[in-house]
1. So if we plug the beta-carbon distance of Phe143 and Lys78 into 1/(1 + (r/R0)^6) with R0 = 25 Å, what FRET efficiency do we get, rounded to 0.05?
2. Pick from Gly94, Gly14, Gly279: which is most flexible by mean-square fluctuation in a GNM of the chain where alpha carbon atoms under 10 Å apart are linked?
3. Return the aspartates and glutamates within reach of Lys115: Cα separation strictly under 13 angstrom, same-chain partners fewer than 8 residues apart disregarded; answer none if there are no such residues.
4. Can you tell me what share of the DSSP beta bridges in the chain is antiparallel? A percent to the nearest 5 is fine.
5. Taking 0.36 nm per residue of separation and subtracting the Cα-Cα distance, what length does fully extending Ala98 through Lys208 add?
6. Have a look at Leu304, Gly139, Ser239 and report the one farthest towards the positive end of the charge dipole of the chain, computed about the Cα centre with Cβ charges (Lys/Arg +1, Asp/Glu -1).
7. Glu359 to Ile265: extension gain in nm, 0.36 nm per residue of separation minus the Cα-Cα distance?
8. Lys351 to Lys189: extension gain in nm, 0.36 nm per residue of separation minus the Cα-Cα distance?
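Values quoted throughout were computed directly from the atomic coordinates according to the rules given, and no laboratory measurement underlies them. Predicted model only: the values in this text are computed from it and were never measured. All Cβ positions, glycine included, derive from the backbone under ideal geometry; neighbour counts span all protein chains shown.
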Amino acid sequence: MEYKIAVIDGDGIGPEVCAAALQVFDAVGKKYRHDFRFEHVLMGGAAIDKTGVPLPKTTVDICKKSNSVLLGAVGGPKWDGLPGHLRPEAGLLGIRKALNLYANIRPAVLLNALKKTCPLRADIRDNGINIIVVRELTGGIYFGKRKTVDKSGGADGDKTYAYDTEKYSVDEIKRIAVKAYEIASKRQKKIISVDKANVLDSSRLWRKTVHELNAEYPDIEVVDMLVDNAAMQLVKNPSQFDVVLTSNMFGDILSDEAAMITGSIGILASASLGGGNLGLYEPIHGSAPDIAGQDKANPVATILSAAMMLGMSFGLDRESAAVEAAVNSVLEKNIRTADIKEAGSTVVGCKEMGTLIAEEILKAH
Ligand code: NAD
């Protein structure tokens, strides 16, 4: 079967980590007889340099016609002085909007080989950490009505005030909850839905809607947890979490917290999904200008993002698991990029890490 993948290499280490992920796609294609076709498109600083804008229309058109999109990273000091709408990051927000990607999926998995990078106590981390945060991405307080009313300079002092509004509709809650139910049905069949229902009306509607939907997924257990407790439980007992479903702002904070208890930024993958099968898959790290062009970047986050694409967009669960297994097996041999090296590690560059993981896929039974 043929799969068309739009590749946004982006800036800094973006092209290096994408190249390593494409090697992995090629190995999967060879081993399992799939035909992955890549079309490289411009976004971010690279697009600004060539076309004057961070997200050219042709990029959006090609992404929309593809089966999925792989993104390296965008941005860098070269473009920092530009006005907001012309900066590389505007490309990121633009592509998410253009593809209507309302669900952000962030796994936080403590790989066996990288246990030592976990900042938690050994007795806690040894119970295992394998969490997927399902975060609503296009609603809530980041997109609600906001205003700063300037009342400074009055005779009775500075009475300036500002507000932001958290607003969620039933439909917005339902569509993100459906994603969480679908993901949970392939995993441990448990969702922890995080809200602040003891204070917020929007959270009470969230809770009611999530539970009503439970009737359609009777084999999934849904547990509610207040966000302040969730933040605490993530460090106290992370193994109780499997799928975490939450709103835009709570998810922003909790997904970073969950990610960091699993260690290095160079290994963390993510997906942004909409209604159909098309998704945008990217590492959570940025363009790392400090190491760009030196073959020092860790490509594992991008390779694990590719594994997510195989499973979530193409339904190739066996292939997705094979990529994850290959990553684990290379790391277990203590072969590392410099950012995650330990005592006795064989340190390799970005390109070689990609090659070794690709070879491992071809070798596996
Ligand atoms: P960063 O993630 O690029 O780098 C932070 C630190 O982590 C650096 O020391 C870097 O060398 C290291 N690092 C990151 N990824 C690594 C990898 N794969 N392997 C080894 N080391 C890695 O964050 P930053 O420095 O705050 O941002 C740099 C640029 O990236 C900025 O322009 C920022 O706007 C942009 N950015 C883009 C995205 C994105 O495209 N999604 C996300 C975050 C930041």
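1. Numbers: r = 30 Å, r/R0 = 1.18.
Efficiency, from the Cβ-Cβ distance: 0.25.
2. Comparing Gly94, Gly14, Gly279 in a Gaussian network model of the chain, the most mobile one is Gly94.
3. Asp123, Asp126, Glu332, Glu342
4. On the way: 20 of 50 bridges.
Around 40 percent antiparallel, to the nearest 5.
5. On the way: separation 110, 0.36 × 110 = 39.60 nm, distance 3.00 nm.
Extra length from Ala98 to Lys208 when fully extended: 36.6 nm.
6. Gly139
7. So the chain would gain 31.4 nm between Glu359 and Ile265.
8. Values: separation 162, 0.36 × 162 = 58.32 nm, distance 3.76 nm.
The span from Lys351 to Lys189 would gain 54.6 nm if fully extended.
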